[in-house]
Amino acid sequence: MLDLYTDATPNGLKISIALEELGLTYNVHKGLNNEANVSPEYTVMNPNQKIPLLKDDDIIVSESGAILYYLANKHNALLPTSLTQRTKVMEMLMLQMSGLGPNFGQLLVWGGAWNNEYPVATQRYAKEVNRLLKVLNTLLKGNDYFAGEEYSIADIAFFPWVRMAYIHPIGEMLATNECKNLTAWYERIGQRDTVKQGLLIPEANPPEEQMKIFVNAVVGLGHLHD
Ligand SMILES: N[C@@H](CCC(=O)N[C@@H](CS)C(=O)NCC(=O)O)C(=O)O
């Protein structure tokens, strides 16, 4: 039995999208409400006290990139077979995990949650997110997906983060209008029924409500970040 500990954050949504793509049945546990992610029971499973986390019977995996890789390997799906393409997928997965995710998270903290109190900090992260979005736009030139012709976990990893640039008010600071390939890719991925379904986990909240949950998550909940 699969148990997903998650919430409506980009890292959490990656996993519900992947599970929907794979057509798997899973139990959903809302991970951020009432500090569920810092409870003693949860901390045993993930000492890092973050969501998402996937429990597949006795296998427990945290870190969204690792969960995506685990699912793709286990089900032999969403990962190309050729070494060259697989390596491309891993390269993109690493870029998402180490580049776009952390920088966009910081942008939302400084520019969103903390109301641009320190414009120099907001600008630093806006500049880097903009740069990365343009890199993604270049990488998608002539390609439907990040690994070329094949939809993969790299696309799933980027989608909920890139989505922020299109649906969060902070997107006004970002030059998505200059990123035609990225916009076409974003629309292509967003049209998938499985993606639409994954975005409704853990609950069918409108995007604005999801944004609030997300901002709480990036700022940090409870005693973890005091
Ligand atoms: N690198 C991790 C990041 C996990 C992460 O930062 N999770 C956030 C939500 S997206 C969280 O659990 N925040 C709650 C907290 O810090 O208390 C991943 O990709 O899974």
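Taking interchain pairs and intrachain pairs at least six residues apart, which have beta carbon atoms under 6 angstrom, with the first residue in segment 8-28 and farther than 9 Å from PRO52 by Cβ and the second part of a helix (DSSP H, G or I) and aliphatic (A, V, I, L, M)?
Cβ pairs passing all conditions: ALA8/ILE213; ILE17/ILE156; ILE17/VAL195; ALA18/LEU68; ALA18/LEU71; ALA18/ILE156; TYR26/LEU19.
For segment 43-70, how many residues are assigned to a helix (DSSP H, G or I), more than 7 Å from the ligand (Cβ to nearest atom) and more than 11 Å from TYR5 (Cα to Cα)?
Matching residues across segment 43-70 total 7.
Report whether or not ILE201 is surrounded by 15 or more Cβ atoms within 10 Å (Cβ to Cβ), of a type outside the set (S, T, N, Q) and assigned to a loop (DSSP other than H, G, I, E, B).
Here the answer is yes, as ILE201 does meet what is asked.
Here is a check on your reading of the model: is TYR186 assigned to a helix (DSSP H, G or I) and of a type in the set (Ser, Thr, Tyr)?
Yes.
Exactly one of (1) out of contact with any Lys or Arg (no Cβ under 9 Å at 6 or more places or on another chain); (2) assigned to a helix (DSSP H, G or I) is unmet by GLN106. Its number?
Among (1) out of contact with any Lys or Arg (no Cβ under 9 Å at 6 or more places or on another chain); (2) assigned to a helix (DSSP H, G or I), the lone unmet condition for GLN106 is (1).
Mind checking which residues of segment 2-42 are of a type in the set (A, V, I, L, M), out of contact with any strand residue (DSSP E or B) (no Cβ under 7 Å at 6 or more places or on another chain) and in a loop (DSSP other than H, G, I, E, B)?
ALA8, LEU22, LEU32
Any residue that is within 16 Å of the ligand (Cβ to nearest atom), at pLDDT 95 or above and in a loop (DSSP other than H, G, I, E, B) - is there at least one of those in segment 137-148?
No, segment 137-148 contains no residue that is within 16 Å of the ligand (Cβ to nearest atom), at pLDDT 95 or above and in a loop (DSSP other than H, G, I, E, B).
Pairs please, first residue from segment 33-46 and farther than 24 Å from GLN210 by Cα, second anywhere and surrounded by 12 or more Cβ atoms within 10 Å (Cβ to Cβ) and basic (Lys, Arg), Cβ atoms under 7 Å, 6+ apart in sequence or on different chains.
MET45/LYS55
With the requirement that a residue be at pLDDT below 95 and out of contact with any Leu (no Cβ under 8 Å at 6 or more places or on another chain), what does segment 149-170 give you?
GLU149, ILE167, PRO169
Say whether the condition of being away from the ligand (no atom under 13 Å from the Cβ), at pLDDT 95 or above and either more than 27 Å from LEU100 (Cβ to Cβ) or of a type in the set (D, E, K, R) (or both) is met by at least one residue in segment 25-39.
yes
Would you mind stating whether GLY112 is farther than 22 Å from SER64 by Cα and within 16 Å of the ligand (Cβ to nearest atom)? Let's see the steps before the verdict.
Working: farther than 22 Å from SER64 by Cα: yes; within 16 Å of the ligand (Cβ to nearest atom): yes.
Criteria met by GLY112.
The values are calculated or read from the model by the stated rules, or taken from the named source; none is laboratory data. What you see is a predicted model; the values in this text were computed from it and never measured. Counting neighbours? That spans all protein chains shown, and the Cβs are built from the backbone with ideal geometry, glycine included.
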